[in-house]
Amino acid sequence: MFSSNGVLLLLHRGLKDVKKANRYDLVLSPQFYIVKKEQVPVKYSFQAKKLAPSILEDMLPTERGYEFAVEKDGDGWLFYAYLPREIEHFLINECGIEAHKIGKIYFADQLKPVLKKLPIGIDRYSALALVDGFATIVPRSMLEGKKFAKFTEKLRPKKGIKFKPTSVQTKSESIDKSSVILTVLLVIFGMLFILEGYGYKKALQKEQDLMAEAVSNPQLQSKLARDSIKKKYQKIEKEQRGIREALNKLSKLSSGDSVLEKLELKEGTIKAKFGVKKKAFKKVRDLASSLKGFKVITQGFNVILEGAVK
């Protein structure tokens, strides 16, 4: 299992000033991954991961390069998809962190035990909270009167996955060990493989048998079966996703000059009312008008947005 003692960061679009370190571990905010919960008839995580591309295909853009991860969650599985190159691009351009310094990555939805008790503060204006059972970035003003947990090393989830950089390693990485040490390590590993070859062969055969069982299961092979599973939760998931996307857009309006005073969620629609300071009214109104999918109404120094949850 990959081990890392990296500095733990909550990766979100507003992250800027990062303390210099040799290695970092990342808790991805929902801005950097897609998640979906499904009940599928599999027992092992490697079986669930094999189904991830099919489960998430309706939610992914056409671009390629997604990596997938899975996690057991109650009576179902959480299926995650993320783009390593998107993470790398943001880190190098906004934080000055090179890809080879990333150790493990986690997902904000793994912080549910904390989020069920308290939202986690991100910055002055936004926080991480649970919306319909999923981690979502929302304006702090939506959570008026609530206390906020501070993001610290203590919130590190139990299980992480090794980040696989897409960029080429730097020269300093490739020559940081001498050829003599490398040769010795190769010899040692060679001896270990010879001594334990039989054990590895048995373990490999067992894994292949499990994989064959998963692949040969007609219930998993059948697209009709997968579609049936999808349709069972598709409407609920679509509504939840629409709400999260709408809230993420509305969070752009929350600042020291504008406060969310009212939020209404009805079937298929969302309505938000922002109280705005006079000096910033035009700026906030113009920003609201730029948000796709919302009708903008002004009343005095209030900006009201109405939109459909799709």
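The values are calculated or read from the model by the stated rules, or taken from the named source; none is laboratory data. The shown structure was predicted, so the numbers you read here are calculated from the model rather than taken from an experiment. Using ideal geometry, Cβ is built from the backbone for each residue, glycine included, and neighbour counts are taken over all protein chains shown. Surface accessibility is based on the protein's heavy atoms, side chains included, excluding ligands, DNA and RNA. Shrake-Rupley method; radii C 1.70, N 1.55, O 1.52, S 1.80 Å.
On the stretch given as segment 292-306, residues that are closer than 16 Å to residue 270 by Cα and at pLDDT 90 or above total 8.
Condition first: hydrophobic (A, V, I, L, M, F, W, C) and at pLDDT 90 or above. Now tell me which residues in segment 273-283 satisfy that. Those that are hydrophobic (A, V, I, L, M, F, W, C) and at pLDDT 90 or above: 274, 276, 281. If we scan segment 37-47, do we find a residue that is under 18 Å from the mean Cα position of the chain (by Cα) and either at pLDDT 95 or above or under 30 Å from residue 125 (Cβ atoms) (or both)? So far as segment 37-47 goes, yes, one or more of its residues are under 18 Å from the mean Cα position of the chain (by Cα) and either at pLDDT 95 or above or under 30 Å from residue 125 (Cβ atoms) (or both).
Quick one: would you say residue 91 is in a helix (DSSP H, G or I), within 19 Å of residue 244 (Cβ to Cβ) and among the aliphatic types (A, V, I, L, M)? Considered against the rule, which asks whether it is in a helix (DSSP H, G or I), within 19 Å of residue 244 (Cβ to Cβ) and among the aliphatic types (A, V, I, L, M), residue 91 comes out as no.
Could you grab me the full set of residues in segment 257-310 that are of a type in the set (Asp, Glu), open to solvent by 60 Å² or more (accessible area, probe 1.4 Å) and within 28 Å of the chain's Cα centre (by Cα)?
Answer for segment 257-310, where residues must be of a type in the set (Asp, Glu), open to solvent by 60 Å² or more (accessible area, probe 1.4 Å) and within 28 Å of the chain's Cα centre (by Cα): 267, 306.
Can we say residue 92 is modelled with pLDDT under 95, under 18 Å from residue 161 (Cα atoms), open to solvent by 30 Å² or more (accessible area, probe 1.4 Å) and of a type in the set (Val, Ile, Thr)? Against the criterion (modelled with pLDDT under 95, under 18 Å from residue 161 (Cα atoms), open to solvent by 30 Å² or more (accessible area, probe 1.4 Å) and of a type in the set (Val, Ile, Thr)), residue 92 does not qualify. The set of residues in segment 98-119 being outside any helix (DSSP H, G or I) and buried (at least 21 other Cβ atoms within 10 Å of the Cβ) consists of 102, 104, 105, 106, 107, 119.
Okay, residues lined up against (1) farther than 24 Å from residue 240 by Cβ; (2) polar (S, T, N, Q); (3) touching a helix residue (DSSP H, G or I) at 6+ places or on another chain (Cβ under 6 Å):
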position	(1), (2), (3)
22	yes, yes, no
28	no, no, no
37	no, no, no
45	no, yes, no
48	no, no, no
61	no, no, no
72	no, no, no
77	no, no, yes
85	yes, no, no
